[in-house]
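Please read the structure below before turning to the comments.
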Protein chains: 4
Amino acid sequence: MSARHGDDPGALIVIDMINTYEHKDAEQLLPSVREVVPVITDLLAAARGSGAPVIYVNDNFGQWRSHHGELVEAAMAGPHADLVGPVRPDDDSLFVVKARHSIFYETPLTYLLWELGVRKVTLCGQVTEQCVLYSALDAHIRHLDVTVVADAVAHIHPHLAEAALEMMRINLGARITNGKDIGFGGGVATS
Amino acid sequence: MSARHGDDPGALIVIDMINTYEHKDAEQLLPSVREVVPVITDLLAAARGSGAPVIYVNDNFGQWRSHHGELVEAAMAGPHADLVGPVRPDDDSLFVVKARHSIFYETPLTYLLWELGVRKVTLCGQVTEQCVLYSALDAHIRHLDVTVVADAVAHIHPHLAEAALEMMRINLGARITNGKDIGFGGGVATS
Amino acid sequence: MSARHGDDPGALIVIDMINTYEHKDAEQLLPSVREVVPVITDLLAAARGSGAPVIYVNDNFGQWRSHHGELVEAAMAGPHADLVGPVRPDDDSLFVVKARHSIFYETPLTYLLWELGVRKVTLCGQVTEQCVLYSALDAHIRHLDVTVVADAVAHIHPHLAEAALEMMRINLGARITNGKDIGFGGGVATS
Amino acid sequence: MSARHGDDPGALIVIDMINTYEHKDAEQLLPSVREVVPVITDLLAAARGSGAPVIYVNDNFGQWRSHHGELVEAAMAGPHADLVGPVRPDDDSLFVVKARHSIFYETPLTYLLWELGVRKVTLCGQVTEQCVLYSALDAHIRHLDVTVVADAVAHIHPHLAEAALEMMRINLGARITNGKDIGFGGGVATS
């Protein structure tokens, strides 16, 4: 795959960052989110600057009212707007809601990537040892070329996050890299 | 299945009725849509009155910006707002976007129905010999109990619509009925 | 798609022809099967001669014992071995079992075609207005280029089969052609 | 889920144990396989004795020739027949081939479990931190009740296997237990 796609920067996928952080693991998760928000902010700026597709895939948190657009508003009205504001979608962003778990499970993401002609995805967001891991698996199984930005994915349990990154690298063929090493304007430099 | 679900009215599924009618087959489709809009309007009133779930599943028409809620607005701003207004979602409606074709293909509808505990769906909308047929197939394959409201589904080609209804009845185990025979408040009377 | 794949003959997909014909619609189906068996026999010879992949996708008829290989044996031991023998798999054939309905639903066919590098499928077998129609839909939704061999697909209800072929042609972008017009050795001539 | 399914022993799922062990990680995997084979052998005896469904889900290793039944023969003819013989399918076993990764991905397993009325699965086989983890995720996402038999799943990397078991327990709601604590005849005792 790598050979075929070369330096194509692919699409930047932002996972579950539109969040009120009111779920039960939020306290354990927040310190890690605070660290990744600036990195994701930079990734967004780079991707937007280069014209790469930016796709948010986000839990729906309850009701399915895709006609309301209330997801971002709810997160911005929550207690952690400071963690949502810098990474929220702009007018050009694509936005897909997911039920839970993988970004591909019962979502149109496969179709959307096909429509865009994109075969490479760069993952950031949360949670490393849960949705990010499951999404990397589902991307790999669909023959997509996967990059995971290690300092732009937030975790709950550090030792499981570390294991998840190793699983993605050795078992799912993902490239694990850091935000500063990704040049959306001129290809991807892998660590 | 029928025995198990008895008179459970299930969920009313409204397919592709949020529409600007600007696609190439629109002229052929519009006369049929004009006939079904009043029937769907009545179905919506009955379902809402009885507390049955109402789920819109609608083509996305282009971009995936589920954070914007622009789909209904675009349809209401189009040349056929008279066909959209009476059947548009209210605040309690659920709304799922689909890529194309079946209401189940790469959508969270299976998950949403599971979450609601619903095993029976009543289909209305458009196009009988396309999305409605494909959706009935995908509902049947998922072991859901399917009712199709014959006078609440719009077609492009009358002879193909007739064949599609017969296929749904004899090959997909669907009940084919009319709007006046469905009592969302007190079970479903089938023709 | 057509432009990209040009005269690539693709894979020949033989649907549900390994059959004991003991199901309830068998009597209505058999006359049509008798007509298509010679055409499928010729298609198989042409595809095998040209080295095109031949993939059987067949209902499993009950138990899932893919380690036993009993499906062909059971069909050959049944009352209609004359309809099975000429079209049975040889040592090079690929063979995928399906649960029911579409050749893609919960089968590895998408993966298998990807592995083979095949983006075009030519469908023959049974039943035109059921599995063949559902399979054409699922192939189309997966962006495969679909050809249906009209005189190599068997039906139960002639008027539904005719409608199904028209649906596949105008709504699912399938090429409808006849066996004599397919040249597996030198591309596909469409009617 | 647990409450609903109580002591229902569910189906025993044997993952990827029909194997020639010729792949690149085999040397690292074999010591662990040697330890789990006796436990799986006991689980098989218990499940068979109690009448619980036993379902093998196995990589296909190359060609798709489900009509040949050559998978078991090939494994028995390989250099590690001693690891295959004790755990091979008997005449009552169900057997499903998978493309790779999860036992659910493009396989009829969901359908088969539905047909059997089984909502609980007990997983054993290989590799803990790969197919077993992916399969537990896909079972969880399908609302199945999952038990993983810790001493009946084989690993390549012990630290990743440990992390995978923890992920399955805390993030995927799986019960992690040992072979001696499972009573297929009289419900499941969890550790």
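If you plug the beta carbon distance of C:GLU22 and A:ASP25 into 1/(1 + (r/R0)^6) with R0 = 35 Å, you get a FRET efficiency near 0.05. Counting Cβ atoms of other protein chains within 10 Å of each Cβ in A:88-96 and taking the mean gives 4.
In bins 10 Å wide, starting from 0, what share of all Cα pairs of the stretch C:11-181 does each bin hold, as a percent? Spelled out per bin, shortest first, that is 10, 43, 39, 8, 0. Across chain D, C-alpha contacts under 8 Å between residues 6 or more apart give a mean separation that, scaled by the residue count, equals a relative contact order of 29 percent. FRET efficiency for the A:ALA74 to A:ARG169 pair, using the beta carbon distance and R₀ = 51 Å, is estimated at 0.90. Given +1 at the Cβ of Lys and Arg, -1 at the Cβ of Asp and Glu and no other charges, the dipole of the protein assembly as shown around its Cα centre is 0 debye to the nearest 20. Mean silhouette area of the stretch B:10-94, derived from the convex hull of its C-alpha atoms and averaged over all directions, reads 5.8 nm².
Label separation (D:ASP90 vs B:LEU116): 4.6 nm, computed from points 7 Å beyond Cα along the C-beta direction.
Find out how many positive minus negative residues lie around A:PRO79, taking Lys and Arg as positive, Asp and Glu as negative, among other residues whose Cβ is under 14 Å from that of A:PRO79.
-2
The orientation-averaged projection of the convex hull spanning the C-alpha atoms of the stretch C:64-154 amounts to 6.6 square nanometres. One Cα centroid belongs to the stretch B:128-164, the other to the stretch D:116-172; the line between them spans 39 Å.
Each Lys or Arg adds one and each Asp or Glu subtracts one; over the other residues with Cβ under 13 Å from the Cβ of C:ALA150, this totals -3. Counting only residues at least eight positions apart within a chain, or on another chain, the lysines with an alpha carbon under 21 Å from that of D:LYS180 are D:LYS120. Each residue, B:ALA45 and C:ALA45, gets one label point 7 Å from its Cα in the Cβ direction; the gap between the two is 6.7 nm. For the protein assembly as shown, the calculated P(r) over all alpha carbon pairs, in 10 Å bins from 0 to the bin holding the longest distance, is 3, 13, 22, 26, 23, 12, 2, 0 percent.
A short reminder: the numbers here are calculations on the coordinates, not readings from a lab. Only a predicted model underlies this, so the values are computations on that prediction, with no experimental measurement involved. In this analysis, Cβ positions are derived from the backbone assuming ideal geometry, glycine residues included, and neighbour counts consider all displayed protein chains.
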